Amino acid sequence: MAYLYECEVFHAADIRVRWGINEGEGLGLPAQLCAGDIYALERDATPRTLHLRMAEPITLAQDETGDGVVTVHAELRLMSSDGELLPAMLIEAGATLYLLPLSPMRADTGYALIGMDEDSPALRMSELVMGCFGPGTRITMGDGQLIPVEDLAPGMEVRTRDHGAQPLRWVGKLTKRAHGSFAPVIFPPGLLGNLGPLTLGPLQRIFLYQRGEDRLGSRAEVLVQAQYLVDGQRVLQREGGFATHFSLAFDNHQIIYAEGIPVESLLVSRASVARLPEELASVLAARFPGLNQRAHFAQELPGGPMTEDLRAALLQPKEK
């Protein structure tokens, strides 16, 4: 039976171009969109709840008008005026165009369209994994011990960056072919200051600190996905065969330590759970009925191709 997912979307007509080539027009299909246009959600816009059956193809549930196929037209990357990245899915359901934000979208705030992906397999929302670790990656416990992620169990206390020792609420395990968003990224010992080999899912975000004035983005703290640090020499992504991924969730979203490096726990929200495979999503929906965790406040670097200079700056050891 397909997993039923409830999400909040906004009518595309309620998201209008405040400045740019399409000024005054509502959000349209990919062929109509122009990079650089600045969109804003109308102040009085109200979200609509959709119930999606997360199978192939994704469809509206029985209680939705038409019970039709949901078309995912593109994944959009929007950047707010104060530098926050807003990934969102442009979808069509019941002959109506909607925007499904994957992070909170603020009304009356300008968002510049900085990227659009119409062809990525990531558009299959039910097949993405975020916040996962490979076997052998050691997690720092509340008492300072380092325990391999495969040996963790709910109830064990894990050290967090901001809230001390916190009990694990859920440990997820999934084995799939090591391809695309399931191909693990491997950091050798010491590259990031990590104590041992660090194996992460490509969408796992690493919490990096920046010192001095020469910063990437506007803040001292940034979150960057592991996949963007792959350089083919020091940081490798293993394709082929099968890979096992472990996901860790707490009562609240946390920054934890993997091989001594701060990384995110799994963010349990309506948006993030919709992007997980059905095997994990159905369990999480039952364990976390509220699905309302808030992400850690740190700037996420824009997705897309990363230059050698940008990657080198992120991997460069920082002086203590």
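The values are calculated or read from the model by the stated rules, or taken from the named source; none is laboratory data. The model shown is predicted, which means the values in this text are computed figures rather than measured ones. Reconstructed Cβ throughout: ideal geometry from the backbone, glycine too, with neighbour counts over all protein chains shown. Keep in mind that these areas ignore ligands, DNA and RNA; they rest on the heavy atoms of the full protein, side chains included. Shrake-Rupley method; radii C 1.70, N 1.55, O 1.52, S 1.80 Å.
Annotations for the structure displayed:
- Residue tally, condition at pLDDT below 85 and either out of contact with any Leu (no Cβ under 7 Å at 6 or more places or on another chain) or open to solvent by 40 Å² or more (accessible area, probe 1.4 Å) (or both), over segment 241-257: 2
- Residues that are out of contact with any Ser or Thr (no Cβ under 7 Å at 6 or more places or on another chain), under 14 Å from Ala249 (Cβ atoms), touching a residue at least 40 places away in the same chain (Cβ under 8 Å) and open to solvent by 40 Å² or more (accessible area, probe 1.4 Å), drawn from segment 152-170: Pro167, Arg169
For (1) modelled with pLDDT under 85; (2) open to solvent by less than 60 Å² (accessible area, probe 1.4 Å); (3) in contact with a strand residue (DSSP E or B) (Cβ under 9 Å, 6 or more places away or on another chain), each residue gets a yes or a no:
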{"site": "Glu25", "(1), (2), (3)": "no, no, yes"}
{"site": "His51", "(1), (2), (3)": "yes, yes, yes"}
{"site": "Asp63", "(1), (2), (3)": "yes, no, yes"}
{"site": "Ala74", "(1), (2), (3)": "no, yes, yes"}
{"site": "Ser81", "(1), (2), (3)": "no, no, yes"}
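- A single member of Ser269, Ser265 is crowded, with 18+ Cβ neighbours inside 10 Å, under 14 Å from the mean Cα position of the chain (by Cα) and modelled with pLDDT of 85 or more, and it is Ser265.
- Checking each residue in segment 162-183 for being in a strand (DSSP E or B), small (Gly, Ala, Ser) and in contact with a Leu (Cβ under 9 Å, 6 or more places away or on another chain) picks out only Gly172.
- Close pairs (8 angstrom Cβ cut-off, 6 or more residues apart or separate chains): open to solvent by 50 Å² or more (accessible area, probe 1.4 Å) in segment 176-190, of a type in the set (Gly, Ala, Ser) and modelled with pLDDT of 90 or more anywhere: Ile186/Gly134; Pro189/Gly196
- Annotation: Thr199 fulfils all but one of (1) modelled with pLDDT under 90; (2) in a strand (DSSP E or B); (3) over 30 Å from His51 (Cβ atoms); the unmet one is (1).
- Matching option when the condition is open to solvent by less than 20 Å² (accessible area, probe 1.4 Å), at pLDDT 90 or above and under 23 Å from the mean Cα position of the chain (by Cα), among Ala40, Ala88: Ala40
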